[in-house]
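What follows is one structure encoded as C-alpha cells, with my remarks underneath.
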Amino acid sequence: MKILIAVPTFENIAPEVFKSIYDLKPAGHELSFDFVKGYDCAEARNRIAKMSLDGGFDYVLMVDSDTVIPADTLELMLEDPVDICLGICPRKNTKEGKTAIIKADCQKWDGSYFYNELPEGRVKVKAGGFACALVNTDVFRHTNEPWFRYAIFDDGSILSEDFYFCNNASWIARAVIEADCRVRCGHLARYFQYE
C-alpha cells in the first residue's frame, strides 16, 4: 500500500513528533512524508487531501505537529482497514483525560470518551479529532471539496474541521469511522498525557 504521512502545521513540527513518525516501520508499505506549512488547519488538511489524491496514495495518515504517535500506529490501524481510523488523543484544554473521540450514539458533539472508559481494541465512533487519523483516499473521492472546513452555527457554536469531515464522510460516502483504542498518542501542548 502507498501511504502519505502528512503534518498540517502553522509553523514547525516538534522534534518528538518527527521522531515518532520516523520510527514508523510498517512492513510491505511504501511510505512518503510531507507537510503543509503556513495555513489554518482546515486549509492545510484540504491541501494534504489533494496531495494524497494527486500522488495516487491509498491512505493518508495525518499527524498534528504536536502529537507523538506510537511506533506501531500503522500496523494497528491497518490490521483491519476501515475508511477512517482515529488514534486516541487528549482533548484540548482538559485535565481530566477527556479524549477528542465522540461516541457513536451521541446526538450532539459533546459525548467524548474519557481515557478511563475506553473500550478494548476498536470502536465505531461518530467523529473524532484528527491529531492522528488514517484516511482511505477513496473517502476524498466520494465527498466534495472543501473536505475540511469550520462550520459556524446560528448560536455561535463552531464545528471543528475534523468533525465536519467525519460528518460528511459518514453521511455522503457512508464511511465507516472507528477509533483504535490501542493507538494512544501524546499531545505535547495538552495538560493531559496518556502514559
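The values are calculated or read from the model by the stated rules, or taken from the named source; none is laboratory data. In this text, all values refer to a predicted model and were calculated from it rather than measured experimentally. Please note: Cβ atoms are built from the backbone with ideal geometry, for glycine as well, and neighbour counts cover all protein chains shown.
Working carefully through the options Val36, Val60, Val68, find the one that is surrounded by fewer than 24 Cβ atoms within 10 Å (Cβ to Cβ) and within 13 Å of the chain's Cα centre (by Cα).
Exactly one residue qualifies, and that residue is Val68.
Take the residues in the range 163-175 that are touching a strand residue (DSSP E or B) at 6+ places or on another chain (Cβ under 7 Å) and in a helix (DSSP H, G or I), then tell me which one is surrounded by the most Cβ atoms within 10 Å (Cβ to Cβ).
By that ranking, first place goes to Cys166.
Among the residues of the range 95-110, is there at least one that is in contact with a helix residue (DSSP H, G or I) (Cβ under 6 Å, 6 or more places away or on another chain), in contact (Cβ under 8 Å) with a residue 60 or more places away in the chain and either surrounded by fewer than 20 Cβ atoms within 10 Å (Cβ to Cβ) or not hydrophobic (A, V, I, L, M, F, W, C) (or both)?
Checked against the condition, which is being in contact with a helix residue (DSSP H, G or I) (Cβ under 6 Å, 6 or more places away or on another chain), in contact (Cβ under 8 Å) with a residue 60 or more places away in the chain and either surrounded by fewer than 20 Cβ atoms within 10 Å (Cβ to Cβ) or not hydrophobic (A, V, I, L, M, F, W, C) (or both), the range 95-110 yields at least one hit.
Whether any residue in the range 10-19 is outside any helix (DSSP H, G or I) and touching a Cys at 6+ places or on another chain (Cβ under 9 Å) is what I want to check. Lay out the reasoning, then the answer.
At the first step, the residues of the range 10-19 found to be outside any helix (DSSP H, G or I) are 10-14.
From what's left, touching a Cys at 6+ places or on another chain (Cβ under 9 Å): 10.
Yes, that holds for at least one residue.
Output the residues belonging to the range 30-63 that are part of a loop (DSSP other than H, G, I, E, B) and modelled with pLDDT of 95 or more.
Gly55, Gly56, Phe57, Asp58 - these are the residues of the range 30-63 that are part of a loop (DSSP other than H, G, I, E, B) and modelled with pLDDT of 95 or more.
Have a look at Val183, Val125, Val135 and point out the one that is without any contact (Cβ under 8 Å) to a residue 60 or more places away in the chain, part of a strand (DSSP E or B), of a type in the set (A, V, I, L, M, F, W, C) and crowded, with 16+ Cβ neighbours inside 10 Å.
Just one listed residue meets the conditions, Val125.
From the set of residues in the range 8-29 that are closer than 19 Å to Pro146 by Cβ and either modelled with pLDDT of 95 or more or not hydroxyl-bearing (Ser, Thr, Tyr) (or both), which is surrounded by the most Cβ atoms within 10 Å (Cβ to Cβ)?
Filtering first and then ranking leaves Pro8.
Name the residues in the range 88-122 that are in a strand (DSSP E or B) and of a type in the set (Ser, Thr, Tyr), would you?
Those that are in a strand (DSSP E or B) and of a type in the set (Ser, Thr, Tyr): Thr99, Ser112, Tyr113.
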